[in-house]
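To start, the structure itself, in structure tokens.
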Amino acid sequence: ISSCYSTVATMIFEIRRLLLLVVVSFVRDRRFCVVAAAADEGNRGSNDVEVLVDPKLVLGDINVLVLTDVHSWVAGHGRQEPNFDADYGDVLSFYERLKTYFDRNDHDFWFVSNGDFVDGTGLSAPGDPSSLVPIIEKLPFDVVNCGNHELYEDSNVNYMTRPGGWVDWWGERYLTANIKLAKSNKKEQEESPNSGSSRLLGNPFRLLKGKHSNLLVFGFLYNMEGASSLIEIERVEEAVNSTWFQDAIIQNEEQVDAILVLAHMDLKDPLVDVILTALRNLVGHDMPIQFLTGHTHYRGEAQLDEWAVSLEAGRYLDTVGFVSFPTKSTVTSIRNWTRAEKNNTLFQSFFIEGSKRGLVETLGLDDVNQLPTENGKELSEMIHRTRQEMGLLEEIGCAPHDYIINASVDAKDSLWGLYRDEV
């Protein structure tokens, strides 16, 4: 039986391979069609169905997918908020399908996280991210920024900085331009006991080298107060005047095509202007600069100057952000364009709904069953298994109806009324 099965399976595989070759030859000249090869798991559906991807996004020289302020909502929002039912497995599938598309169509594409991965759901017990971190580490972020919530508790900082921990896992991808290890930190004492100054928690910047462009990336945190005693927060105003910041620009200026700033701070925080001004003083007016902000949990965007834009992409996995922007060579080639033409054409942003349907529609697909890749499906199962082991799927109570935070305190469905009368 096994021999027969092997023969039949081989025949089926060959038939599918030949059919695929026919399809590929038919669509190879169409700009927006991507057909996964038979052995390409990154663009296969959960039922091993070949998928044509036609992303409903405006592409640029540089393209970036961003998550921010997820706060451990990696399992999505479930039946309580079905409009936000995508989990990290769905996001991974979405990324892998886009990555396959961008690679085959010769575009530069990056995936980044802008901090605050802890505090929010049962997966993130206070000071103990041990159940959450293995899930997050399944996402292939090119750059990870640090948020304030990672830094409040000593136990959390110790977990992140332990050998082989969060900081070591991300390595050069972990950016902390103004976050330092205090001299009281065990990791700092062991690795640089004679150092006269504190070292950064992660790296100050990273140069991402794509097929057609090089992207210089910084990661900043606002001027946080109340951090763990194991951490020192350097004021942003001081960090941008430091030698390493200037060297990062000067030493890489000839090969940098654009700058990306992950800034864990409000979209309109004055510190955004501080960073932008410092960069402009070093790179001039024509360098494209894209800010990705966070911390304040809303969707927003702003034009900072002629060639600088900022975007904040929501919270709690209700949003997957996408931006595309030009390289410096593109900017210098269109000096005769009007400002409106430049801004409306070259800087693009999208707030993608954090739902399976939202991800599928953005990919240009019709059926949510076409979304999962093998890696994405496995991650969704891992998330479910972890929650089950932690007892997070056990219902311990059920509200008789919905409660509204903005309702009158005396209304039947007032959340504040419930707190006043019952809690």
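The values are calculated or read from the model by the stated rules, or taken from the named source; none is laboratory data. Computed from a predicted structure; not experimentally measured. Positions of Cβ are generated from backbone atoms using ideal geometry, with glycine treated the same way; all protein chains shown enter the neighbour counts. Accessible surface is based on the protein model in full, side chains and every heavy atom, while ligands, DNA and RNA are left aside. Shrake-Rupley method; radii C 1.70, N 1.55, O 1.52, S 1.80 Å.
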Residues whose built amide H sits under 5 Å from the amide H of GLY76, excluding neighbours closer than 5 in sequence, are TYR88
Just how much of GLU374 is accessible, in Å², when a 1.4 Å probe is used and the result is rounded to the nearest 10?
60 Å²
Using amide H atoms built in the peptide plane, which far-off residues or other-chain residues are under 5 Å from LEU304 H to H?
VAL309, SER310
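Just to make sure I understand: if all protein chains stay in place, what is the order of GLU254, GLU81 by accessible area at 1.4 Å, largest first?
Working: GLU254 190, GLU81 80 Å².
Final ranking, largest accessible area leading: GLU254, GLU81.
Say R0 is 45 Å: what FRET efficiency, to the nearest 0.05, do GLN80 and GLU254 get from their beta-carbon distance? Numbers along the way, then the final one.
Details: r = 52 Å, r/R0 = 1.16.
That pair, GLN80 with GLU254, gives E of 0.30.
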Determine the gain in length on full extension of the stretch ASN241-GLU381; use 0.36 nm per residue of separation and subtract their C-alpha separation, reporting nm with one decimal.
45.7 nm
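Determine, from the Cβ-Cβ distance of ASP168 and TYR403 and an R0 of 45 Å, the FRET efficiency 1/(1 + (r/R0)^6), rounded to the nearest 0.05.
0.55
Measure off, as a whole percent, the carbon and sulfur share of the 1.4 Å-probe accessible area of the stretch 339-423, all protein chains present. Can you show the working numbers first?
Working: 2680 of 5650 Å².
Ligands and nucleic acids excluded, carbon and sulfur reach 47 percent.
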What FRET efficiency comes out for the pair HIS285/LYS138, r = Cβ-Cβ distance, R0 = 41 Å, nearest 0.05?
0.50
Once phi is turned into ³J(HN,Hα) by the Karplus curve 6.51 cos²θ - 1.76 cosθ + 1.60 with θ = phi - 60°, what whole-Hz value does each residue of the stretch 388-397 show in order, with x for glycine and proline?
5, 5, 8, x, 7, 9, 7, 7, 10, x
State whether the stretch 320-423 is rounded, prolate or oblate according to the following rule on the C-alpha gyration tensor (a ≥ b ≥ c being the square roots of its eigenvalues): a/c under 1.5 gives rounded; otherwise a/b larger than b/c gives prolate, and the remaining case gives oblate.
oblate
Phi-based couplings in Hz for the stretch 154-160 (Karplus 6.51, -1.76, 1.60; Gly and Pro marked x)
4, 4, 5, 5, 4, 5, 5
Can you work out the Karplus-derived ³J(HN,Hα) for every residue in the stretch 127-138? Use 6.51 cos²θ - 1.76 cosθ + 1.60 with θ = phi - 60°, whole Hz, and x for glycine or proline.
x, 9, x, 5, 7, 8, 4, x, 6, 5, 5, 7
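What does the charge count near GLY364 come to, summing +1 for each Lys or Arg and -1 for each Asp or Glu among other residues with Cβ under 9 Å from its Cβ?
Details: positive: LYS56; negative: ASP54, GLU361, ASP366.
That sum, taken over residues with Cβ under 9 Å, equals -2.
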Shape of the stretch 199-342, Cα gyration tensor, a/c cut at 1.5:
oblate
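Might you report the magnitude of the Cβ-based charge dipole of the stretch 44-154 about its Cα centre, with Lys and Arg at +1 and Asp and Glu at -1, to the nearest 20 debye? If you can, show how the numbers build up before the last one.
Working: 7 positive and 21 negative charges, 77 e Å.
Dipole about the Cα centre, nearest 20: 360 debye.
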About the Cα centre of the stretch 258-374, how large is the charge dipole given +1 on each Lys and Arg Cβ and -1 on each Asp and Glu Cβ? Please answer in debye to the nearest 20.
340 debye
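Would you please put 276-282, 119-125, 416-422 in order of how densely packed they are, using the mean number of other Cβ atoms within 10 angstrom per residue and starting with the highest?
Details: 276-282: 16.1, 119-125: 18.6, 416-422: 12.1.
In descending order of packing, they fall as 119-125, 276-282, 416-422.
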Find the centroid of the Cα atoms in the stretch 235-292 and in the stretch 386-423, then give the distance between the two in whole Å.
44 Å
How much net charge surrounds GLU232 when only other residues with a Cβ under 9 Å from its Cβ are counted (Lys, Arg +1; Asp, Glu -1)?
+1
Paramagnetic reach from TRP416 in the stretch 379-409 [backbone N under 16 Å; point 7 Å along Cα→Cβ]
403-409
Considering amide H positions built from the backbone, and no H for Pro or chain starts, which residues 5 or more places from VAL53, or on another chain, come under 5 Å of its amide H?
VAL34
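Subtracting the Cα-Cα distance from 0.36 nm times the residue separation, let me have the gained length for ASN369 to ARG104 in nm, one decimal. Please list the in-between numbers first.
Numbers: separation 265, 0.36 × 265 = 95.40 nm, distance 2.28 nm.
The span from ASN369 to ARG104 would gain 93.1 nm if fully extended.
Magnitude of the Cβ-charge dipole of the stretch 97-158, K/R +1 and D/E -1, about the Cα centre, nearest 20 debye?
On the way: 4 positive and 11 negative charges, 78 e Å.
It comes to approximately 380 debye.
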